[in-house]
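In what follows, a structure is listed as structure tokens, so that the remarks can point back to it.
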Amino acid sequence: MKKDVKKLVKLQINGENIQIEKKKIKNMYLRISPANGEIRVSAPERMSVKTVEGFVREKWNWIMDTRKKLEENRAAWAEEELSEEERKRQKELYRKQLAEILPEVIRKCEQITELHAREWRLRDMKTRWGSCNTVKKRIWLNIQLAACPRECLEYVVTHELVHLLVPGHGKEFWAYMDRFFPDWKRVRKELNGR
């Protein structure tokens with residue numbers, strides 16, 4: 001992936017450093033690093049820095065909100081030994097955060113895919129980000145997604161919706177993912193690196 005990077009540009013907005021990667025891509029992507037809150041933008045090679053700056057300024061409130069949530073989540077899990085009560089509170093916080101944004105994310109993903117689950121549920125899962133019961137059309141999402149960037153949640157929701165069409169992970173499944181969520185490989189890599 002690094003070979004596609006043509007140029008790295010540093011930009012400062014409101015005292016914050018923004019890293020811009022100019023690449024052979026069609027669209028612009030904005031990411032906030034979960035590890036350190038760094039603001040990164042991937043932009044088409046020919047796009048002007050001024051256009052990128054306008055895009056970042058337009059998303060500024062979202063950037064600050066996302067960084068704040070990431071910091072809160074990092075702080076909450078910073079101590080190795082959380083008490084059972086603290087762990088319980090953290091899980092409830094995650095549930096609340098997901099409940100706030102999930103309806104909008106589901107709406108967006110359902111519009112793109114034209115697929116609809118009958119039921120959405122949240123639970124704390126140890127080994128997966130989501131699961132889909134294709135018979136009952138019920139989708140479960142891991143509450144830990146609350147600690148991830150929104151695009152990771154959108155990826156998991158889209159992934160589970162596609163299972164309503166294709167139960168397994170064969171070529172047909174990934175072809176639908178290419179169609180509905182073209183940047184899925186990068187987002188999946190980020191999510192699985194957590």
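In the Gaussian network model of the chain, springs joining C-alpha atoms below 10 Å, which of Lys96, Lys68, Lys171 carries the largest mean-square fluctuation?
Looking only at Lys96, Lys68, Lys171, the largest GNM fluctuation is found for Lys171.
For the chain, can you list the cysteines whose C-beta has no other cysteine C-beta under 4.7 Å from it?
Cys109, Cys132
Lys7: which lysines have alpha carbons under 21 Å from its alpha carbon, excluding same-chain residues fewer than 8 sequence positions away?
Straight-line reach from Lys7, under 21 Å: Lys22, Lys23, Lys24, Lys26, Lys50.
Find, among the trypsin sites (Lys or Arg not before Pro) in the range 98-165, those assigned to loop by DSSP (not H, G, I, E, B) with at most 12 other beta-carbon atoms within 10 angstrom.
Hits after loop and neighbour filter: Arg118, Lys126, Arg128, Lys136.
How much mean residue ellipticity at 222 nm does the chain get from its helices, if each DSSP H run of length 4 or more adds -39500 (n - 2.57) and you divide by all residues, to the nearest 500 deg cm²/dmol?
Rounded to the nearest 500, it is -15000 deg cm²/dmol.
In terms of the Cα gyration tensor, with a ≥ b ≥ c the square roots of its eigenvalues, is the chain rounded because a/c is under 1.5, prolate because a/b exceeds b/c, or oblate?
Judged from the Cα gyration tensor, the chain comes out oblate (a/c at least 1.5, b/c at or above a/b).
State the antiparallel share, in %, of DSSP beta bridges confined to the chain, rounding to the nearest 5.
Close to 60 percent.
Assuming a ≥ b ≥ c are the square roots of the Cα gyration tensor eigenvalues, decide whether the range 97-194 counts as rounded (a/c under 1.5), prolate (otherwise, with a/b larger than b/c) or oblate.
Note, shape of the range 97-194 comes out rounded.
From the cross-link list Lys137/Lys189; Lys91/Lys137; Lys88/Lys137; Lys126/Lys189, which pairs have alpha carbons spaced over 22 Å apart?
Going by Cα-Cα distance, Lys137/Lys189; Lys91/Lys137; Lys88/Lys137 fall outside the 22 Å limit.
Rule-based calculations on the coordinates, nothing more; no lab input. Given the structure is predicted, the values throughout are model-derived calculations rather than measurements. Here the Cβ is made from the backbone with ideal geometry for all residues, glycine too, and neighbour counts use every protein chain on show.
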